[in-house]
1. Taking the Cα-to-Cβ direction at Ser78 and at Ala169 and moving 7 Å from each Cα, how far apart do the two end points lie in nm?
2. Students sometimes get this wrong: rank Asp77, Asp816, Asp235 by accessible area, probe 1.4 Å, all chains present, largest first.
3. Structure shown: which of Lys54/Lys613; Lys184/Lys241; Lys129/Lys815; Lys54/Lys234; Lys939/Lys1000; Lys880/Lys949 lie over 24 Å apart, alpha-carbon to alpha-carbon?
4. Find how many whole Å separate the alpha carbon centroid of region 862-941 from the alpha carbon centroid of region 363-381.
5. Within 14 Å, Cβ to Cβ, of Asp729, how many net charges do the neighbouring residues add up to if Lys/Arg are +1 and Asp/Glu are -1?
6. If Met180, Met840, Met342, Met46 are ordered by their accessible area, calculated over protein heavy atoms with a 1.4 Å probe, which sequence runs from highest to lowest?
7. On a 1.4 Å probe surface of the protein chains, which of Arg713, Arg902 comes out largest in accessible area, and what is the full order?
8. Using a 7 Å offset from the Cα along the Cα-to-Cβ direction at both Glu337 and Lys558, what is the distance between the two label points in nm, to one decimal?
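The values are calculated or read from the model by the stated rules, or taken from the named source; none is laboratory data. Please read these numbers as outputs of a predicted model, since none were measured by experiment. Glycine also receives a Cβ, built like all others from the backbone with ideal geometry; neighbour counts cover every protein chain displayed. Keep in mind that these areas ignore ligands, DNA and RNA; they rest on the heavy atoms of the full protein, side chains included. Shrake-Rupley method; radii C 1.70, N 1.55, O 1.52, S 1.80 Å.
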Amino acid sequence: MAEYLSAVDDDDLQGNNSQWRPSEWIGCNKMFTNVPDFVAIEAVRMLQIPLEAKSSLPDSALSPAEFYASNVLPPWDSDIDSEEINTAIEFNATHPSFTPSSPCDIELFPMATLAHLSNTFGQAWFDGKISICDRRSRITRFYPLWTLSFMKQVRAAARSMHLWSQSFAWTMQEHENEEMGESKWRERTIELLSSLSGWTGQVGCGLSDLTFEHITQVLGENTLADAVLDALMKDIERRLKGRDGDPGVVAVADTFLPRCIAAGAARIPGHFGHALVQKYTRLLSTTSPSPGTLAFPVYYPPSHWAACVVDITGHHIQFGDGFRQSAPESLRKELVEWLKEMTQTTDLVITNDLPCGIQCDAVSCGVIAVNAIAHHVLGDVLWDPSTLRTHRYQAFCTIADLILAYNSTRNSTPPPARIDLGGGEKSAAQTDTSISAEDIDELVDSIVDDSSPAPLLPAKRSRTAEKAALPPPKRQKKEAVLEPSLPIPSSPIPSPLSPSSSRSSASKTVAAGKKIVVFESGKPKIPRHVQLEIVDTLREGGQSTSARHDRVVSVLIKHGYFRGDPSKLEKLKRECTRDDGDPNPGLDIKNPKQVVCSRCDTAVQLQSIYQPKRFRDHWDSGSCRKPPPANKLITGFFSKTSQPLTNTGSSRRRPIAKDLIKSCPGLTGVIHPRIDYYIEHSPATGAGAKEINHYVKELFESTRGISSIRDPRLTNEEWAKAYQCQSLDRRWQINTSAHHASVVSTGCLRKFTVHSQAELDDPTVKLKCTPKIFSNPIQSRLMAKYKGLEEILNEDGDLGIFARFARAVGQGRYKDNQVFLGLVETMQLATERCIRGVGMQNFKYPTAFREWGALIRMSSPRTYRNIAQEFRMESERSVKNRESKRPRFPIGITDANYEHLRNYLETYGYPPNYPLCISVDDTKLLPGTHPIYDGPAKKWMLVGLPGEKQLSVSSSEELERLMDIDHPLATKLRLWAIQIPFPGIPPLAFAILPISSTIKAAELVVHQVAAFDGLIEHHYRFISNVADGAAVERDCQARVAVSSV
């Protein structure tokens, strides 16, 4: 349901949801997949955090120092985030008993549990769950459902607090060997920690991937993320522009360019990074004058950074690495091919001699890489281990200054400007202050275009969009934040960064004193306050083109500056009137985001302009029944200042409803296929009467003192008479006619009046009665099979425990306890056999009960024997005989493994060419040897040794001889698992291999590569390869990566 909740906006939550009826959705015991918008609105309202709880969260505008000092959050513990779902936290139907008013009132939920609750919230809400039950402590608490949203924000804040606490602890730590200049930069860092505005989320200022959580990595002994290096490269670019101008002699790129080059984006037109590589190709080859040097940081898998400088004119590529390692072969190869094609030369030299600091730890590679580039292009002092902390302080201050410079320039408010189109000024009467949909598209496109100032909409390059094979957004060639003195290109909306001097002279007052701004095309003109509201709207919410377009339209409609398209409005009108829809919908050409219902005069707000779905849902629900005024014209729905859609001058009367006679169809399979199943399989002929003893008392209590159907004094005729009275009193009957099978009400009006042909033809609408009591099919079959069971189940007296158990079974309350029911069935049938004097040969144990017993025996044979002394269990000989016939899991990687994988995918209907995930891990194994019989090979084998090869045993003497030899035994079992990347699907144990505890990566990689080669030969695709963080596993993964090049 998450995709429906994300589509709900604030306007939907503020309106009146007249279509919502809880009784039709909550507690109906149904599974819902596609829900209408008004249901999603109510679901979002259930998750809305109250103002009191929301105000207890830290303000996102706090500085990191203020956020750290507040400390009103629960402690962060990464150990709680296990991969398993904590079953002690679940949805419940009990009313909330505790309402959290602050973050510390509730213990953090594990991430996997929180994700599970979010994924299952929709159906749980439909099932009547109204709270979240937490049984992790001695006192069970029931939280309201909005705790789910509250917990997500509390977790995010607690994690940020944990990261900032580590950064502050590192910053405040005193060192005996203080570095040169360290105290000055530390003081500057502490000052900036109090000056920054924000502590979580995106930082903005053109660094769309950089978050405040990324910044915490700088202050500490941490490896830097690519977004941090991008910010530092942005500062180098700013310094180069200040020195050389634009374009300069040196071009710099962020971490994304080398990744695109290494992926082959230069030669693959459809690649998501192709446009970016082509941009740099044009910059370096066609720009006059073109830069002669290109510099960028390079990523070395799995977690290392280096520097690269390309001398375009000198045909020289230099790499610089703190560990003096060579660049990845894939990058070297693709980089050479790209440069050869761009420079039309084959004489390229690659060296690893770029001046670079010598790295002495495992985390300073990012700072060293950026410093090497700054040293080469700007002459900065090379990084040195003796100034390790000082360089990190400097890097933090650099990024913080970028953010502060952006915010200070963004907060400036120059007077609005008017772009003169030439040809003189227009009078107020000639000024057109409305904007069409085409103008909106131009407006939004202009805001995200290269020529737009950065503060209006920071260039957002999402990694998700890149992976979705979309071309990256264009980068800004000029950053107004860093160079406020540079001229800023014109924009449909005046930027707060624009110099006020360039705009003050162009300002002009027209149309009743309003200051307006027009597009360069001369189309729309909007006042300054509307522009500022649009700017604020574009900075919030989703950043897709359609989402931004809709928000801009809403602002313009609100202020009366939007002009609709008559043809699209006419199409909207046709959609609203088709199929017996509203014959006279109210439309406004200046507000195509609402339609007024002629039946109830309600203004229905549409999801977006010209989209009739919400109005159709409102009209088809039939919830509004107010008749329209006589002779109501369509022009009555328009404001006096607006124009109608057409100017025909004729009014349309609402057609008079025609009364039609309809026969009640009853409940049939057209409504739900389970109704046909119920009619076909239920032995009952009706339901809804009182329980049988009520009629027994009416007939025989006053005369004979009989009040129970089980009274032995009742004759067969009297017994049948009581059931006949119950049958005549039923409120529902099952009609099993061959022509029309249905469930009908005995009190239903057989014929009634409808008002349209559609209602007459549709068997699912206008049902006069709704069943409140259903006959349980399981219970009905049991009653038909066992005579006398109906009396037990229908009696409400003081029953014994076994009678209550029989009733519970008949009502299906134990349907989820198949092992327990199997135990009861086994004991009863075994007792019946014993009474008849029949043995237990060929006795069929229930499947669930038999598998549970096999699991117990596998875990502990002694426990299985103890249980078998009290309950009837399958003999151990039968269990062994059945297990011996099952195929054994192959050791190593064989053709059978790929056959298992094929069956696994077919079982879940997953195409074999779709993405899969593979993981590998080791588990402890009890050392020992054991003989087993290999059916396909038809010989005995001795297992328990490392590797795929097992020892063949030809005789008992050979077995004794082999057992006396001191063989190296396997102490671990290596398991490969394959997972379909969808939640709720269990993984497949793909292959196993016994190994010793002393095995090295060089031996493991042989099997790992063999597994990958076999999977590739069978045309399977994988998107992830996962292993644990042990040194041997990391070495093995690195060798696999090398062998795959």
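1. So the label points at Ser78 and Ala169 sit 1.2 nm apart.
2. The residues order as Asp816, Asp77, Asp235, largest area first.
3. Cα-Cα > 24 Å for Lys54/Lys613; Lys184/Lys241; Lys54/Lys234; Lys939/Lys1000; Lys880/Lys949; rest within.
4. 56 Å
5. Cβ neighbours under 14 Å give a net charge of +3.
6. Largest accessible area first, the residues go Met180, Met46, Met840, Met342.
7. Listed by decreasing accessible area, they come as Arg713, Arg902.
8. Label at Glu337, label at Lys558, 5.2 nm between them.
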